[in-house]
Amino acid sequence: MYTAGRVAAAVRWIDDVDPDEGRSPSEVQLLRGALHMMAGNIVAADVILDEVTEGESATGADRMVADMIHTWSVHDRASPRPVLAAAARSLATLDVVAEEEITDVLGMTTPSDIRRSSLLNGSAAAAYDGCFDQARAWLSRGSTLGGGRSASDVYALGLGALHDAWTGRLRSAQHQGAHAVAVAGQSAMTSQPSVLTAQLALAHVHRERDELGDAEQLLAAAATELQRTRP
């Protein structure tokens, strides 16, 4: 529903679920927090996830999943430092919790998914904070995990392109950005939000080369996608 641009409906559904009904309260609340974060409702997501982490019944695994979900907001926050801290906590906790303790949220909370998501979003946060050495190190670690998810692979390529664009490596940025768009096209994911970082990187390259029409076209496409997935 998220990739179809219907995340608002999914949010309404989960908000109608009583946290005490059926599944464990933390499982429902983690899912609520994840959907609100995907919809761009960061304040609501933060409140929900904080309730999970501060609850008496919260486990270390619950707190780790909440931290990982917090990292999804890296491109929406005014300051990247809370995301950096959440990514670091998530990675540290992952080494001490058992896999069977981890709540399944949208099939995106396997240990490998948590590690890769925390590394990639932590890399983006480090780049936003101007710490490009850390950004590249975390991106390298996240990219080599493989993941097996096309959307995650496209996102990793797009992040690499964006980092290169911001640091003046325009040829490399163009190569990685084009590669990300090509992979998305092969997987029928050209309208996926994960392609946005590649589009932004390529727009930056065109702007630096004074190819303003091409930059404007890419930015318009990115804006349209955001409007579709963030009602």
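Assess whether ALA39 counts as being closer than 22 Å to LEU226 by Cβ and under 13 Å from the mean Cα position of the chain (by Cα). Talk me through it step by step, then tell me what you get.
On the way: closer than 22 Å to LEU226 by Cβ: yes; under 13 Å from the mean Cα position of the chain (by Cα): yes.
Yes; evaluated as a whole, the condition is true for this residue.
Just checking, which of ALA92, ALA78 is at pLDDT below 95 and of a type in the set (A, V, I, L, M)?
Values: ALA92 fails: at pLDDT below 95.
Selected residue: ALA78, the only one of ALA92, ALA78 that is at pLDDT below 95 and of a type in the set (A, V, I, L, M).
Which ones in region 122-141 are of a type in the set (Gly, Ala, Ser) and not in a helix (DSSP H, G or I)? Full working, then the answer.
Initial filter on region 122-141 (of a type in the set (Gly, Ala, Ser)): 122-127, 130, 135, 137, 140.
Listed by number, the list holds a single entry, GLY130.
For region 51-81, which positions are in a helix (DSSP H, G or I) and either of a type in the set (Ser, Thr, Tyr) or open to solvent by 20 Å² or more (accessible area, probe 1.4 Å) (or both)? Give the steps one after another, and end with the answer.
Taking region 51-81 first, the residues in a helix (DSSP H, G or I) are 51-54, 60-71, 81.
Passing the criteria: GLU51, THR53, GLU54, GLY60, ARG63, HIS70, THR71, ARG81.
How do the pairs read when you match residues in region 200-229 that are more than 21 Å from ASP164 (Cα to Cα) and open to solvent by 70 Å² or more (accessible area, probe 1.4 Å) with residues anywhere that are of a type outside the set (Lys, Arg) and not in a helix (DSSP H, G or I), using Cβ under 6 Å and keeping only pairs 6 or more apart or on different chains?
That search, which allows pairs on different chains as well, returns ARG228/GLY5.
So which of LEU119, LEU106, LEU84 is in contact (Cβ under 8 Å) with a residue 24 or more places away in the chain, among the hydrophobic types (A, V, I, L, M, F, W, C), open to solvent by 10 Å² or more (accessible area, probe 1.4 Å) and part of a helix (DSSP H, G or I)? Show your work before the answer.
Values: LEU119 fails: open to solvent by 10 Å² or more (accessible area, probe 1.4 Å); LEU106 fails: part of a helix (DSSP H, G or I).
When all the criteria are applied, what remains is LEU84.
Exactly one condition in (1) in contact (Cβ under 8 Å) with a residue 12 or more places away in the chain; (2) assigned to a loop (DSSP other than H, G, I, E, B); (3) small (Gly, Ala, Ser); (4) open to solvent by 60 Å² or more (accessible area, probe 1.4 Å) is not met by SER112; state its number.
(2)
Here is a yes/no grid of residues against (1) modelled with pLDDT of 95 or more; (2) within 16 Å of the chain's Cα centre (by Cα):
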residue	(1), (2)
SER194	no, yes
ALA198	no, yes
ARG209	yes, no
GLY213	yes, no
ALA223	no, no
LEU226	no, yes
PRO231	no, no
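The values are calculated or read from the model by the stated rules, or taken from the named source; none is laboratory data. Every value quoted in this text rests on a predicted model; they were computed, and no experiment measured them. Cβ coordinates were reconstructed from backbone atoms using ideal geometry, including for glycine residues, and neighbour counts include every protein chain displayed. We work out accessible area using only protein heavy atoms, side chains counted, and drop any ligands, DNA or RNA first. Shrake-Rupley method; radii C 1.70, N 1.55, O 1.52, S 1.80 Å.
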